[in-house]
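> Take a look at the following structure, please.
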Amino acid sequence: MGILSNYPLVSSVMGIIIAQVLKYILSLLRGKRVALDILTSTGGMPSSHSAAVSALITALGLEYGFESPFVAIATTFGMIVLFDAMGVRRQSGHQGQLLSALEKQLEEKGLIQLSDLKNCDRRLITHYRGHTPMEILGGVLTGYFVALALLQVYL
């Protein structure tokens, strides 16, 4: 059966997929106009980063025991991923928004002309969306339940 027999890996990937689909469904339920690109976007509820990490840690714990070194390694890297998703990426998103607003104001006041900036790649200012604590929690719970559900398949 190959790679599909790897319960922790399949759990982690399914955690990502289910979290992304849930983002789409939750946006529809909130009455937002939603494009399909939300399925590959960052940010939003639930966090696919935390779903992947949570599913991986849960599956490793259920398969090898929660005292195993596999769980210790996954938990350590998982904390780094979650910190990054909630902290660093969120801050860089705020900075991107601030830069865009500043750029717009400077252009409106005639202090800069964006069309004259030949060496500036406009695509570099990206608004990365980090996660709120609730989005992280939503992802953690999503991943946990995905791993539990898949355990029934791998028993």
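The values are calculated or read from the model by the stated rules, or taken from the named source; none is laboratory data. Predicted model, so just to flag it, every value in this text is computed and none were measured. Ideal geometry is used to build each Cβ from the backbone, glycine not excepted, and the neighbour counts take in all protein chains shown.
> Residue under question is Val71, and the condition is that it be touching a helix residue (DSSP H, G or I) at 6+ places or on another chain (Cβ under 6 Å) and either modelled with pLDDT of 95 or more or of a type in the set (Lys, Arg) (or both); does it hold?
Spelling it out, Val71 is indeed touching a helix residue (DSSP H, G or I) at 6+ places or on another chain (Cβ under 6 Å) and either modelled with pLDDT of 95 or more or of a type in the set (Lys, Arg) (or both).
> Inspect segment 37-45 for any residue being modelled with pLDDT under 75, under 23 Å from Val10 (Cα atoms), surrounded by 12 or more Cβ atoms within 10 Å (Cβ to Cβ) and polar (S, T, N, Q) and give the result as yes or no.
yes
This table checks each residue for (1) β-branched (Val, Ile, Thr); (2) at pLDDT 75 or above; (3) closer than 23 Å to Ala85 by Cβ.
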{"site": "Leu98", "(1), (2), (3)": "no, yes, yes"}
{"site": "Lys118", "(1), (2), (3)": "no, no, no"}
{"site": "Arg129", "(1), (2), (3)": "no, no, yes"}
{"site": "Glu135", "(1), (2), (3)": "no, yes, yes"}
{"site": "Ala147", "(1), (2), (3)": "no, yes, yes"}
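> On the basis of being under 28 Å from Leu26 (Cβ atoms), at pLDDT 75 or above, part of a helix (DSSP H, G or I) and not β-branched (Val, Ile, Thr), does Ala52 make the cut?
For Ala52, the condition - under 28 Å from Leu26 (Cβ atoms), at pLDDT 75 or above, part of a helix (DSSP H, G or I) and not β-branched (Val, Ile, Thr) - is met.
> Any residue that is at pLDDT below 90, more than 14 Å from Ala147 (Cα to Cα) and among the β-branched types (Val, Ile, Thr) - is there at least one of those in segment 14-35?
Among the residues of segment 14-35, at least one is at pLDDT below 90, more than 14 Å from Ala147 (Cα to Cα) and among the β-branched types (Val, Ile, Thr), which makes the answer yes.
> Here's another thing I want to ask about it. Give me a count of the residues in segment 9-23 that are free of Cβ contacts under 8 Å to residues at least 60 places away in the same chain and crowded, with 17+ Cβ neighbours inside 10 Å. Show your work before the answer.
Within segment 9-23, the subset free of Cβ contacts under 8 Å to residues at least 60 places away in the same chain is 9, 13, 16-17, 20-21, 23.
Among the residues that remain, those that are also crowded, with 17+ Cβ neighbours inside 10 Å are: 16, 20, 23.
The number of residues fulfilling the criteria is 3.
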